Amino acid sequence: MTDSLGEGIDPKYWIDCMAKVAEGRDKQSFMALFDHFSPRVNAYLLGQGVEAGMAEDLTQEALLTLWNKAHLYQPKKAAVSTWLFRVARNLWIDRLRKQRAKVYELEDEFLEAGVGALDPEEDTGELDSDRIQEALAALPQNQAQVVYMAYFEGKSHSEIAADTGMPLGSVKSGLRLALQSLRKKYGEET
């Protein structure tokens, strides 16, 4: 029927497992699905540029979704693998959207770092474009570019990586280093 990795299994087997999970919460069927698909979902997410820790979390969430929503699977519309990868991708997109909402907190970070007001004693709540330009100019070009794209254009890390051709990890570390540098320069140690 199969080798130890589950290769060569008839796709109908996975459909039957999904039906058993959906109808009777069959734990053996779920474990078969879990054992077969969790490393594949994790590899898929890693291949999409998801950080390893997040990929593991999303894989667990996707398989938990399979357990809870197997009744929504329709075998005539997609293979089990396609359905599960779509679930994982959608979870990742939701996570990116939540992270993207945090992007708009830059104004607070600049204000906390003293970049926003001309006089640190005077907090007008408005960002001074000259001070921001000065702060960005003090950063290495790639860090300034990443900060600008993330916080002023509202782009996600993945979008920045795609636009610049930088690896996703470089985008994330560049952003982290830039914010550390700004905090240090403007008197807030991290």
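Along the range 164-175, what does the Karplus equation 6.51 cos²θ - 1.76 cosθ + 1.60 (θ = phi - 60°) give for ³J(HN,Hα), rounded to whole Hz, x for Gly and Pro?
9, x, 7, x, 4, x, 5, 5, 5, 5, x, 5
Using a 1.4 angstrom probe on the protein heavy atoms only, line up I93, I160 by accessible area, largest first.
Details: I93 55, I160 0 Å².
Ranking I93, I160 by accessible area, largest first, yields I93, I160.
How high is the FRET efficiency between N68 and R95 when r is their beta carbon distance and R₀ equals 22 Å, given to the nearest 0.05? Don't jump to the answer; show the numbers that get you there.
Values: r = 18 Å, r/R0 = 0.81.
Efficiency for this residue pair is about 0.80.
Tell me the chymotrypsin sites (Phe, Trp or Tyr not before Pro) within the range 9-93 that lie in a loop according to DSSP and have at most 12 other beta-carbon atoms within 10 Å. Please report the intermediate quantities before stating the final value.
On the way: sites: Y13, W14, F30, F34, F37, Y44, W67, Y73, W83, F85, W92; in loops: Y73.
Here no chymotrypsin sites (Phe, Trp or Tyr not before Pro) fit, given the DSSP loop and packing criteria.
Strictly over 20 Å apart at the Cα level, which of K77/K98; K27/K77; K69/K155; K20/K76; K98/K155; K27/K69 would you flag in this model?
Too far apart for the 20 Å limit: K77/K98; K27/K77; K69/K155.
For the pair E51/E159, report the inter-label distance in nm, with labels modelled 7 Å from Cα in the Cβ direction.
A separation of 1.9 nm, rounded to one decimal place.
Not counting ligands, DNA or RNA, and with a 1.4 Å probe, what is D26's accessible surface area in Å² rounded to the nearest 10?
In the full protein context, D26 sits at about 50 Å².
Tell me the trypsin sites (Lys or Arg not before Pro) within the range 17-103 that lie in a loop according to DSSP and have at most 11 other beta-carbon atoms within 10 Å.
K76, K77
The values are calculated or read from the model by the stated rules, or taken from the named source; none is laboratory data. Every value quoted in this text rests on a predicted model; they were computed, and no experiment measured them. Neighbour counts run over all protein chains shown; Cβ positions are idealised from the backbone, glycine included. Ligands, DNA and RNA are excluded from the accessible area calculation, which covers all protein heavy atoms including side chains. Shrake-Rupley method; radii C 1.70, N 1.55, O 1.52, S 1.80 Å.
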